[in-house]
Amino acid sequence: LPYYDESWEDYATYSRQDFAKYITDTGYSDTDNDGFFESPAYGDFTITIIVNSESSAKVAVANQLSSALRGNGISAEVIPLSWSRYVENLTAGTYNVYIGEVRIPADFDLRGLLSSGGSANYGNVSDGNYESLVSDFLAAGEDEKAEAAGELCRYVAENAPVIPIAYKTKTVATHIGVVSGLTPSLSGIFSRITECTVKTE
């Protein structure tokens, strides 16, 4: 994203003591001395992390997250699921955390992820400010684009409905007028590549 500014990043220093204090300040405690915090309202609880079992990389991320939570007094378990079961659980909302991958269009339209009813809004985000900020960014002229991007990124960072782990960009670059009929899609940048035409003269 050409409008991204690294100065927006606010690097935080992790402190296990600060984390534990935050948890206890919100009313959680380890009353039965089993090494895990209990909820003041519900007692014992476990964070369920669902992940598609067909992706070893995503399963590894889920296991790392579970280990980190357990190491900090939060009971957590990883539930690897087949793709069909994974989608069923996402749709039904029967999870606490999911590890997933979202393909974002080239214009950085995040409404599918952050808008109510969005195709990838499995976290049931219902904050109307996201749709307004994304719409403002998409509608902004070149001179206002960076400012609109800043407002959007700051709001996402402050409210964190999703936590990005990594970004990957795929593009197709050609000389103007050389290739026609190229139709890259979200699922593959070389989609229907045999149907495009390349001028050789």
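Tally time: how many residues in segment 51-109 are within 25 Å of Phe37 (Cβ to Cβ) and of a type in the set (A, V, I, L, M)?
Final tally of qualifying residues: 12.
Which one of these is outside any loop (DSSP other than H, G, I, E, B) and of a type in the set (S, T, N, Q): Thr48, Thr31?
The unique qualifying residue is Thr48.
Given the conditions (1) in contact with a Phe, Trp or Tyr (Cβ under 7 Å, 6 or more places away or on another chain); (2) surrounded by 13 or more Cβ atoms within 10 Å (Cβ to Cβ); (3) modelled with pLDDT under 95; (4) of a type outside the set (D, E, K, R), report the number of the one that Ser39 does not fulfil.
(2)
Restricting the search to segment 51-75, which residues are aliphatic (A, V, I, L, M) and in a helix (DSSP H, G or I)?
Of everything in segment 51-75, those that are aliphatic (A, V, I, L, M) and in a helix (DSSP H, G or I) turn out to be Ala57, Val59, Ala60, Val61, Ala62, Leu65, Ala68, Leu69.
Among the residues of segment 59-75, which ones are within 15 Å of the chain's Cα centre (by Cα) and open to solvent by 50 Å² or more (accessible area, probe 1.4 Å)? Reasoning before the result, please.
Kept after step one, since they are within 15 Å of the chain's Cα centre (by Cα), are these residues of segment 59-75: 61-62, 65.
Within segment 59-75, just Leu65 meets the criteria.
The values are calculated or read from the model by the stated rules, or taken from the named source; none is laboratory data. All values reported here derive from a predicted model rather than from experimental measurement. Glycine also receives a Cβ, built like all others from the backbone with ideal geometry; neighbour counts cover every protein chain displayed. In case anyone asks, the SASA skips ligands and DNA or RNA and just uses the protein heavy atoms, side chains included. Shrake-Rupley method; radii C 1.70, N 1.55, O 1.52, S 1.80 Å.
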